[in-house]
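The values are calculated or read from the model by the stated rules, or taken from the named source; none is laboratory data. These numbers were taken from a predicted model, which means no experiment stands behind them. Here the Cβ positions follow ideal geometry from the backbone for every residue, glycine too, while neighbour counts run over all protein chains shown. With ligands, DNA and RNA removed, areas are computed over all heavy atoms of the protein, side chains included. Shrake-Rupley method; radii C 1.70, N 1.55, O 1.52, S 1.80 Å.
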Amino acid sequence: MESVVQKPWPNVIIAAEEGDSESSSNPTDAVLFVGISLVLGIASRHVLRGTRVPYTVALLVLGIAMGSLEYGTSHRLGKVGDGIRIWANIDPDLLLAVFLPALLFESSFSMEVHQIKKCMAQMIILAGPGVLISTFILGSALKLIFPYSWSWKTSFLLGGLLSATDPVAVVALLKELGASKKLSTIIEGESLMNDGTAIVVYTLFFRMVTGSSFSWETIIKFLATVSLGAVGMGVAFGLVSYLWLGYIFNDSVIEITLTVAVSYLAYFTSQEGADISGVLTVMTLGMFYAAVARTAFKGEGQQSLHHFWEMVSYIANTLIFILSGVVIAEGILGGDSILKHEENPWGYLILLYVLLQLSRVIVVGSLYPFLHYFGYGLDWKEATVLVWSGLRGAVALSLSLSVKQASDTSPYINRETGSLFVFFTGGIVFLTLIVNGSTTQFVLRMLEMDKLSAAKRRILDYTKAEMMGKALEAFGDLVDDEELGPADWPTVKKYITCLHDLEGEHIHPHTASENDNNVERMHLSDIRIRFLNGVQAAYWGMLEEGRITQFTANILMQSVDEALDLVLREPLCDWNGLKANVHFPNYYKFLQTNMFPRRLITYFTVERLESACYISAAFLRAHRIARQQLHDFIGDSDIALAIINESETEGEEAKKFLEDVRITFPQVLPVLKTRQVTYSVLNHLIEYVQDLEKAGLLEQKELVHLHDAVQTDLKKLLRNPPIVKIPKAHDLINANPLLGALPSVVREQIVGSTKETMKLRGVALYREGSKPNGIWLISNGVVKWASKTIRNKHSLHPTFAHGSTLGLYEVLIGKPYICDIVTDSVVLGFFIEAEKILSVLGTDHAVEDFLWQESSIILSKLLLPQIFEKMTMHDLRTLVAERSTMSTYITGESFELPQNMIGLLLEGFVKTQGALELITAPAALFPSYGDRSFRVPEIAGASFSYHASSYTVETRARVIMFDVAGFEASRTLQRRTSSLISHGGDNPVRSPSGYHAGLMSWPERHIKSWQHLEHPNENRNNFSARAMQLSMYGSMISNKTRGSRASPNGLAKPSKKPSHSRSYPIVPPTDSRQLISVRSEGSTTVRKVGEAASETLTTPRGNTDTIDTREMDYSSDESGAEDEHIVRIDSPSTLSFPQAP
């Protein structure tokens, strides 16, 4: 847009006041004004924090005070005064060009795109017809009431100038008051839009006033070109810069600089080059970024971007409001002050303010039916706030300065008119900020729009009570200090003033009260909102972890935004917004025929099903995380359980889609999973080396070298993914934690000709009470368990996934299955007959012990879900291998459970000391109730759970004991030492989005187990340790043996005579001879097994100890080379594991 001012002087005017020609000022004095303004802004924000005085109002008053000192003392402030005059005489166009792009971009970029879409119609109505109506009313009043003999064009010029609610002032006020999202979006969007339209209207009338003539056709063409052209320009700049962002890889400095550069270039190109609205261009650019490019900034980059623009906005607001105050003071006290030439200007200023408010009432009132109908609607309370929040600010003041500047040289506008424009505009800015800005919070309070709902109040009180519990928990963890000694809780509590108002009994937020109306509906909608917010947070976490792409994240988050609009009327429905993106066309199945090359089909389907699979998997994972969070926070209330049930119902279609993909194109899902894991592992490696540098263990040069190496791998991951084959059934068997850990001879004896089996969803693998005819090894998919005898009310997710060994316990003990196992998705697995399992018992006691230990993993999840459900299968196998002790006791013996340990009675009968109750396997055994480690009501009341100081054996019994507390402490210590710099200081609870945070510590976390396998004589339980490694790394574990001597039956021959601590074979105990109890411990046992009995784990070194790497082939054993499916996955790096010293 052409400049509305003919510039007779440079952009920054450094001339002194008239009549003082001898005085001069140094341009560097302008820096002094900036420094003083920022100091005043800092002091104001610090002093006013916690008060009801808006920050912007204080800045305007300070600016008026600074200007009054300078012009009221006839320029006697020295260099400070010189700096004030330099800024007061700044060119208006330069003022807008310096401050507006940054402020407009920050404001529009921070808006939520879904809110913008819903409120767009209301914003356009207010910014279009609203500005025109206001311009007409104010222009007519100025022409008919005010005694200045202005023409209609001049009157409408000032009317259009004053019709723009200033985005700078409005946004700053709304951020301080914390208005609702809907109302804030409408007011903020209106201020952004009508600021642009008002400038367009102002420009039109300014050209008319300065001699140009326009027909109605020309006017309409001008308005359409300036506004629509600005929208197109903003989209164009946004699209080009967004594509550029795609080529910038993890460089926050460049990303932030690009946003700054594009906002200023877009404004200048539109305003000065294309003759269109620069304001509307930058606003469109910011909204485009909010809609499309928000997910392009991840992790620290997003935080850096947010903090940068927040700082830019704060500095710009501080300078522009103080400068506005200076300009207002200059207009009143300056040499050509209107007070010296006009009579009663203050009265007409007050009248103009009243007319301005009246015009705002007419605009909102006349457009209210449309505002009420479109978008979220608008009630009378919100309309009242909308009327009162029509602030004016620096934009209107800058435009009035442009008029005053033009009046000095233009024959069409006299100097008196220019001075009146500045006086009236400055006065209106002052009055709207002082009166409206200072009382908006009072209006919100009077209309009861700032109060918390009853549901939110209850949640707040409940959270405070939970915070007290967390405070006690934190104190318990930190109270003892080896260097300084204990701490005093009463003194600590005295300083936690935020929790001092907790009184009375701790009441659950969903406890019904007689005084609550529609309490259930209110709580349901409130919990739905919190649940969906948790789902959206999980999506952000998955984006940072590399589980989903930017495109997928935008779709997922938009579905949550749409569902949030319906929480009052409908159950959870965020899946409805994803259905259009998740479908399985029938013609895909046609591609499975032999008419097309396999490689072409695989590439085609992977590329096109990728997005839909990512969406479905992310939806299920995010809902699972949100359900767990909600359950942990609220517990088992009816409201929470209702929301959890709604969430589980929603997930049925997502599961069905993934089942169709798994059945029709089984090669797709493993490819996508491998891509996620590769990205996640590489990101964790970056965090690991950064933490080493923070701890001082790496120098900057070393950090840069390692960081660049991993970044190179990440770039390859995104741009040139490698080709990997899908594994055959033989490889899956070797990678199974149970079968892969066994010696090859035993494995072949058990497996035989077993082939992989596929079961559709809803198929029962076995039923409770039926005879155990075999075991199921799950290699892919999910199964659900249910039992009539085992109460699983505390199991939020009663499921088992890949790596699970189902039915093994029942086969070993010879009892019927203790639960139903039903597939919850398409399941791929192996079925092994019971006879084959039983045939290996007694051949090798180490194998028998391992089978019992493996059976305890599933049994622990069945009997004690409140303790073991959150543990992964790998964690449970680590617990068995490193923190378990398995013992066999004979009749008459007694045993005690050490504190902090849990026992599982695997076979036999025991009694509690002094009680007549007979405990039958399976059962969970706990220490006495005096041990506070397990004084949990859910555990105490759980079926199959017993507490006693000691237990007496009735018949031969096998018991496995878990050191759960030691295991958790070890994991916590490992997380702290592996990260070196604790990330849990501010967030000690492990976030659901960081379930793979432990990957960062794998070099330290698993080296001990690798050492156990390299030196089998030092650790008895090599089978469990090997199963632990297989559960994590699968086919990376070598099946070769090193330095072992085979016995005649094919089993490994121990290098030393084993001790007595072997499990007894399955024979009836005899009373004719007295037996001592025998023990088979985990990593702490003293028995040593031959090297060959544990097929060793090797590391990828350059020597002979190399990993037996295999290309994964997903084709069946019978298929030839022509049937191999070659798929691209993102795994450019080969993980190298540290060799144990």
Original post:
Of the residues Leu323, Leu397, which single one is buried (at least 22 other Cβ atoms within 10 Å of the Cβ), at pLDDT 85 or above and touching a Gly at 6+ places or on another chain (Cβ under 7 Å)?
Top reply: Leu323
Original post:
Which residues, taken from the range 656-668, are part of a helix (DSSP H, G or I) and surrounded by 18 or more Cβ atoms within 10 Å (Cβ to Cβ)?
Top reply: Phe657, Leu658, Glu659, Val661, Arg662, Val668
Subject >> Failed item, numbered, when Asp844 is tested on (1) over 21 Å from Ile813 (Cα atoms); (2) at pLDDT below 85 >> reply: (1)
Original post:
Of all helices (runs of 4 or more DSSP H) completely enclosed by the range 22-118, which ones contain at least 2 residues that are at pLDDT 85 or above and aromatic (Phe, Trp, Tyr)?
Top reply: 92-109
Original post:
If you take the residues in the range 41-61 that are touching a residue at least 60 places away in the same chain (Cβ under 8 Å) and open to solvent by less than 50 Å² (accessible area, probe 1.4 Å), which one is farthest from Thr432 (Cα to Cα)?
Top reply: Gly41
**OP:** Within the range 250-262, track down each residue that is within 22 Å of the chain's Cα centre (by Cα) and either surrounded by 14 or more Cβ atoms within 10 Å (Cβ to Cβ) or among the basic types (Lys, Arg) (or both).
**Re:** Asn250, Ser252, Glu255, Ile256
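Out of Ile821, Ile832, I need the residue that is open to solvent by less than 50 Å² (accessible area, probe 1.4 Å) and within 35 Å of the chain's Cα centre (by Cα). Which one?
Of the residues listed, the single one that is open to solvent by less than 50 Å² (accessible area, probe 1.4 Å) and within 35 Å of the chain's Cα centre (by Cα) is Ile821.
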Original post:
Which of the residues spanning the range 741-782 are part of a strand (DSSP E or B) and closer than 14 Å to Phe830 by Cα?
Top reply: Thr757, Met758, Lys759, Leu765, Tyr766, Gly774, Ile775, Trp776, Leu777, Ile778, Ser779, Asn780
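Just checking, does the range 107-114 include any residue being charged (D, E, K, R), open to solvent by 50 Å² or more (accessible area, probe 1.4 Å) and either within 32 Å of the chain's Cα centre (by Cα) or closer than 22 Å to Val200 by Cα (or both)?
Step one: list which residues in the range 107-114 are charged (D, E, K, R), which gives 112.
Those left that are additionally open to solvent by 50 Å² or more (accessible area, probe 1.4 Å): 112.
Now drop any that are not either within 32 Å of the chain's Cα centre (by Cα) or closer than 22 Å to Val200 by Cα (or both), which leaves 112.
Yes, some residue in the range 107-114 is charged (D, E, K, R), open to solvent by 50 Å² or more (accessible area, probe 1.4 Å) and either within 32 Å of the chain's Cα centre (by Cα) or closer than 22 Å to Val200 by Cα (or both).
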**OP:** Would you mention how many residues in the range 766-782 are within 41 Å of the chain's Cα centre (by Cα), over 22 Å from Ser839 (Cβ atoms) and modelled with pLDDT of 90 or more?
**Re:** 2
Original post:
Is it true that Arg883 is open to solvent by less than 10 Å² (accessible area, probe 1.4 Å), modelled with pLDDT of 85 or more and of a type in the set (D, E, K, R)?
Top reply: no
**OP:** Look through Ser933, Ser945, Ser950, Ser979 and report the one residue that is open to solvent by less than 30 Å² (accessible area, probe 1.4 Å) and modelled with pLDDT under 75.
**Re:** Ser979
Subject >> Single residue of Leu812, Leu838 found to be surrounded by fewer than 24 Cβ atoms within 10 Å (Cβ to Cβ), assigned to a helix (DSSP H, G or I) and either in contact (Cβ under 8 Å) with a residue 40 or more places away in the chain or touching a Pro at 6+ places or on another chain (Cβ under 6 Å) (or both) >> reply: Leu812
Subject >> Long-range neighbours under 9 Å by Cβ, at least six apart or interchain, first residue within 23 Å of Gly740 (Cα to Cα) and among the small types (Gly, Ala, Ser) within the range 753-780, second open to solvent by 40 Å² or more (accessible area, probe 1.4 Å) and assigned to a strand (DSSP E or B) >> reply: Gly774/Phe831; Gly774/Glu833
**OP:** For the range 232-273, name all the residues that are modelled with pLDDT of 85 or more and either among the β-branched types (Val, Ile, Thr) or part of a loop (DSSP other than H, G, I, E, B) (or both).
**Re:** Val235, Val240, Val253, Ile254, Ile256, Thr257, Thr259, Val260, Val262, Thr269
**OP:** From Ala622, Ala612, Ala642, Ala580, grab the single residue that is at pLDDT 80 or above and buried (at least 21 other Cβ atoms within 10 Å of the Cβ).
**Re:** Ala622
**OP:** Within the range 841-855, track down each residue that is part of a loop (DSSP other than H, G, I, E, B) and either of a type in the set (S, T, N, Q) or open to solvent by less than 10 Å² (accessible area, probe 1.4 Å) (or both).
**Re:** Thr843
Original post:
In this structure, is Arg392 modelled with pLDDT of 85 or more, charged (D, E, K, R) and more than 20 Å from Ser68 (Cβ to Cβ)?
Top reply: no
Subject >> Single residue of the range 192-220 satisfying the filter (of a type in the set (Gly, Ala, Ser) and in contact (Cβ under 8 Å) with a residue 60 or more places away in the chain) that is surrounded by the fewest Cβ atoms within 10 Å (Cβ to Cβ) >> reply: Gly211
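Just the residues that are open to solvent by 50 Å² or more (accessible area, probe 1.4 Å) and touching a residue at least 40 places away in the same chain (Cβ under 8 Å), please, taken from the range 131-146.
Result: Leu132, Ile133, Ile145.
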Original post:
Do the conditions hold for Ala465, that is, is it open to solvent by less than 60 Å² (accessible area, probe 1.4 Å), modelled with pLDDT under 85, outside any loop (DSSP other than H, G, I, E, B) and more than 30 Å from Ala58 (Cβ to Cβ)?
Top reply: yes
Original post:
Filter the range 625-639 for residues that are over 13 Å from Leu572 (Cβ atoms) and open to solvent by less than 10 Å² (accessible area, probe 1.4 Å); which is modelled with the lowest pLDDT?
Top reply: Ile634
**OP:** Go through the residues of the range 264-276 one by one and say whether even a single one is under 25 Å from the mean Cα position of the chain (by Cα), open to solvent by 10 Å² or more (accessible area, probe 1.4 Å) and on the phi < 0 side of the Ramachandran plot.
**Re:** no
**OP:** Scan the range 671-691 and report the pairs whose first residue is aromatic (Phe, Trp, Tyr) and whose second residue is buried (at least 20 other Cβ atoms within 10 Å of the Cβ) and part of a helix (DSSP H, G or I), with Cβ atoms within less than 6 Å and a gap of 6+ or a chain change.
**Re:** Tyr688/Met1000
Subject >> Top-ranked residue of the range 356-372 - restricted to ones that are open to solvent by less than 30 Å² (accessible area, probe 1.4 Å) and of a type in the set (A, V, I, L, M, F, W, C), ranked as farthest from Pro147 (Cα to Cα) >> reply: Leu371
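Tell me, which helices (runs of 4 or more DSSP H) wholly within the range 124-178 include 2 or more residues that are at pLDDT 85 or above and among the small types (Gly, Ala, Ser)?
Answer list for the range 124-178: 129-144, 152-162.
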**OP:** Kindly list the number of the only condition in (1) under 20 Å from the mean Cα position of the chain (by Cα); (2) surrounded by fewer than 18 Cβ atoms within 10 Å (Cβ to Cβ) that fails for Leu682.
**Re:** (2)
